[in-house]
Amino acid sequence: FATESTHQSDYCIKKVSQMKFKSDEPSDFVKNDDKPIVFFDVEVFPNLFVVVYKAEGDDTTPVKLINPKPSEIEPLLKFRLVGFNNRKYDNHILYARYIGYSCARLYQLSQDIIERKTGFFGEAYNISYTDIYDFAAKKQSLKKWEIELGIHHQELGLPWNKPVEESLWVKVADYCVNDVLATEA
C-alpha cells in the first residue's frame, strides 16, 4: 500500500518501516534453525539491483536475481543467511527491497549507508544468521581474503555511481557470484 502511494510514497514507506506490528500468533518467519545455510551477496547501481545466493555445499550454479521483485526476496529470508559485512550493508538493502524500495531508492539507501552511515533498519540486522566479518579474527575486505586464501579474485571495473547497460547485467551478476563463492570459501 505504501509503495503504491501516488503522492507520498517515500513518506509512507518510511512510516511503515517504523511501525511495530504484533500478532496474536507467534511467527514462524524467524524459526529457521532447521533450514539450510545460504550464502548471499547483493550489488546496487542506480538502475540495477542484483542478489546472488547459494546453499552451503551445493555445487550447482548460484541463483542470480536481477532486479528481483519484493515477492522474490521473501523466500530467501526464510533461510539461515550468511554474508560478508552483511549486517552493516547487505541486510539493509535486502530488507529495503523486501518492503518495496525501487532500484533508484535502493541506490540512494546504498549511498546513505556507505557515505553517511545512515538509513539502517532495526529489523534488518537480524534477517541473517551470521556475518563472517563479525567473527573474523582478521578484519579485512572480502577482496583481501580472496587474495590471502588464494581463491579467485575478480574486479568488476564498472563505476558504482553510474547506470549499468542492460547488456552488462549478467556480468554484474557473475561478479556477485564470485563474491558468494568467496564468502563460502
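Derivation of every value follows stated rules applied to the coordinates shown; laboratory data play no part. Because the structure is a prediction, the values reported are computed rather than measured. Glycine gets a Cβ as well: all are built from the backbone with ideal geometry, and neighbour counts include every protein chain shown.
Starting at the first residue of the range 39-46, write each ³J(HN,Hα) from the Karplus equation 6.51 cos²θ - 1.76 cosθ + 1.60 with θ = phi - 60°, in whole Hz, x for Gly and Pro.
Per-residue couplings from phi come out as 8, 8, 7, 10, 9, 10, 10, x Hz.
Which whole-number percent is the relative contact order of the chain (Cα, under 8 Å, 6+ apart)? Could you put the intermediate results ahead of the total?
Numbers: 255 pairs, mean separation 48.9, N = 185.
Normalised by residue count, the contact order of the chain is 26 percent.
Where in the range 122-147 is the amide nitrogen less than 15 Å from a point lying 7 Å along the Cα-to-Cβ axis of LYS35?
Only 124-131 fall inside the zone, counting backbone N under 15 Å.
For the chain, what is the convex hull volume of the alpha-carbon atoms per residue, in Å³? Intermediate values should be presented prior to the final figure.
Numbers: hull volume 25.5 nm³, N = 185.
So the per-residue hull volume is 138 Å³.
Among the GluC sites (Glu not before Pro) in the range 121-185, which ones are in a DSSP loop with at most 13 other Cβ atoms within 10 Å of the Cβ? Mind listing them?
Details: sites: GLU123, GLU146, GLU148, GLU155, GLU165, GLU166, GLU184; in loops: GLU155, GLU165.
Filter output for the range 121-185: GLU155, GLU165.
Assuming 0.36 nm per residue, please report the length gained on full extension of the stretch TYR129 to SER5 beyond their Cα-Cα distance.
Values: separation 124, 0.36 × 124 = 44.64 nm, distance 3.32 nm.
41.3 nm is the gain from fully extending TYR129 to SER5.
Per the helix-only calculation at 222 nm, which mean residue ellipticity applies to the chain, given -39500 (n - 2.57) for every DSSP H run of n ≥ 4 and division by its residues, nearest 500 deg cm²/dmol? Display every interim value, and only then the final one.
On the way: 7 runs with 60 residues, N = 185.
Helices in the chain give a 222 nm mean residue ellipticity of -9000 deg cm²/dmol.
Would you mind counting up the charge near VAL164? Only other residues with Cβ under 12 Å from its Cβ, with Lys and Arg at +1 and Asp and Glu at -1. Display every interim value, and only then the final one.
Values: positive: LYS162, LYS171; negative: GLU43, GLU165, GLU166.
Once positives and negatives cancel, what remains is -1.
For HIS152 and SER71, calculate 0.36 nm times their separation in residues minus their Cα-Cα distance, and state this gained length in nm to one decimal. Can you show the working numbers first?
On the way: separation 81, 0.36 × 81 = 29.16 nm, distance 3.23 nm.
Separation in residues times 0.36 nm, less the Cα-Cα distance, equals 25.9 nm.
Compute the projected area of the convex hull of the Cα atoms of the range 64-167, averaged over all viewing directions, and report it in nm² to one decimal place. Walk me through the numbers on the way to the answer.
On the way: hull surface 31.1 nm².
Hull-based average projected area comes out at 7.8 nm².
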